[in-house]
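In what follows, a structure is listed as structure tokens, so that the remarks can point back to it.
The values are calculated or read from the model by the stated rules, or taken from the named source; none is laboratory data. No experiment lies behind these values; they were computed from the predicted model shown. Note: ideal-geometry Cβ built from the backbone for every residue, glycine included; neighbour counts use all protein chains shown.
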């Protein structure tokens, strides 16, 4: 039974325009992992639905802007920037280091050591990056009538900015959706 003094209030939906293309100093607020069907598996199953999906673990990173710059008359401090579907392996290809490589190096402020490359990076080590700062370069991409903000590059910081307070972290934190709840719903926005 509910407490009879509870008052249910109506809240308006909040939408945020993508941040302008720029460089922002951010704090890593959270990292989560999830199972996701591989690109090749989706492609193969498009031609043969009887195939079993092949899953892989991917990481989602939630960064929160530390700068107090104003956009449209509002401070951007506390705005979230997400990097989703980050592969859970280190890889250097013809286009350079993969996203995980770039994120780890920017947050730890140095290149990944030969030991880290050889032994791999543990979940414990990744969790230790939470609360660290880096700089991100963002670019807007338009798809149809929607504009999205993507992270184009990760850089180390020149000097730390004031970290998020506990209240700011609580306000910015986005709880990941449970897969069963998320089915049939669009991707959550900030």
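What to note about this one:
- Comparison of 109, 120, 78 shows that the only residue that is touching a helix residue (DSSP H, G or I) at 6+ places or on another chain (Cβ under 6 Å) and at positive phi is 78.
- When residue 78 is tested against the conditions (1) part of a loop (DSSP other than H, G, I, E, B); (2) surrounded by 12 or more Cβ atoms within 10 Å (Cβ to Cβ); (3) modelled with pLDDT under 95, the lone failure is (3).
- Options 109, 93: the member that is out of contact with any strand residue (DSSP E or B) (no Cβ under 7 Å at 6 or more places or on another chain), closer than 18 Å to residue 156 by Cβ and surrounded by fewer than 14 Cβ atoms within 10 Å (Cβ to Cβ): 109
- Note on segment 126-161: among residues that are in a loop (DSSP other than H, G, I, E, B) and modelled with pLDDT under 95, the one that is nearest to residue 89 (Cα to Cα) is 144.
- Qualifying positions in segment 45-68 - free of Cβ contacts under 8 Å to residues at least 24 places away in the same chain and surrounded by fewer than 15 Cβ atoms within 10 Å (Cβ to Cβ): 46, 47, 48, 49, 50, 51, 52, 53, 54, 55, 68
- Residue within segment 106-123 that is within 14 Å of the chain's Cα centre (by Cα) and in a strand (DSSP E or B) present: no
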